[in-house]
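The values are calculated or read from the model by the stated rules, or taken from the named source; none is laboratory data. Bear in mind the structure is a predicted one, so any value in this text is a computation, not a measurement. No Cβ is skipped: glycine too gets one built from the backbone with ideal geometry, and neighbour counts run over all protein chains shown.
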Amino acid sequence: MTFILLGGSLLALPDHDAWSTQPGKLVFTTEPSNGSVGQTLTTIRVAVEDSKGIIKTTDNTSKIQLTLSVNTLNGTTTQTVVNGVATYSDLSISKVGTGYTLTAASVNVGPPPLTSAISTPFDIGAAGVPTQLEFMQQPSDTLAGDYVSPAVTIAVEDVGGNPVTADNSTLVTVSMTLCGAPITLDAETDSAGIATFPIVRLNTVATGGVLDASASGLTSATSTSFNVAVNVDRVFFNGFDDPVCTP
């Protein structure tokens, strides 16, 4: 607090920092992701920020409401902020659509007003329709000539990231390039919609290698990186049809 003498009276003024932390706008700190009809969306967060873009962590009273650009947004659409952030974890949408957006607006804050925010666009697809691949068991570090263990597994998912357990016939291909030569393995999904690759074995020492997964008509996926170290007891195999070479 700053005090000044004005006309013989002592006037108290807020410090500069007090003014700067007044709420000014809403911001999506966790944007909505693509989802499926009737499935719970991934957690969405909206923050109260001042004019300098700093989250007002002392705000525990503002109520923020989310509305959908078209159709109905199901769940608890109004939340009270905690430390300046409103969290939404039970929202869902009942109709397929592309380019949906959410609008965040304050419902109980007086002056200064909070500027509303609009999310990035996202899509809602039909539940249970195969659209993409996802690594369930990532490749782990191994020794040259040894099988990658645990076995790499890849799931067929719908647009919301839900496993399509009814898919039992999709041919999934994993591939990798070593020494300029592509190498591949194929496996079909089982009754749970999972393709398992128990014979991933590399003869070549490699650092930061990745596997690419693909299937006809589905969005591909790339694994996290893994390393293949020197094996002092190494015996050369052709389990992954890879060339023996020095990268």
* Residues of segment 220-236 being of a type outside the set (Gly, Ala, Ser) and surrounded by fewer than 14 Cβ atoms within 10 Å (Cβ to Cβ), which ones? -> Thr222, Thr224, Val230, Val232, Asp233, Val235, Phe236
* Asked: If you check every pair at least six apart or on different chains, which have Cβ atoms under 7 Å apart with a residue in segment 27-52 that is within 15 Å of Thr101 (Cβ to Cβ) and in contact (Cβ under 8 Å) with a residue 24 or more places away in the chain first and a residue that is of a type in the set (D, E, K, R) and assigned to a loop (DSSP other than H, G, I, E, B) second?
  -> none
* Asked: Of all the residues that make up segment 169-218, how many are closer than 18 Å to Gln138 by Cα, in contact (Cβ under 8 Å) with a residue 60 or more places away in the chain and surrounded by fewer than 13 Cβ atoms within 10 Å (Cβ to Cβ)?
  -> 0
* **Qualifying residues in segment 106-120 (those that are of a type in the set (A, V, I, L, M) and modelled with pLDDT of 95 or more) - the one surrounded by the fewest Cβ atoms within 10 Å (Cβ to Cβ)** => Ile118
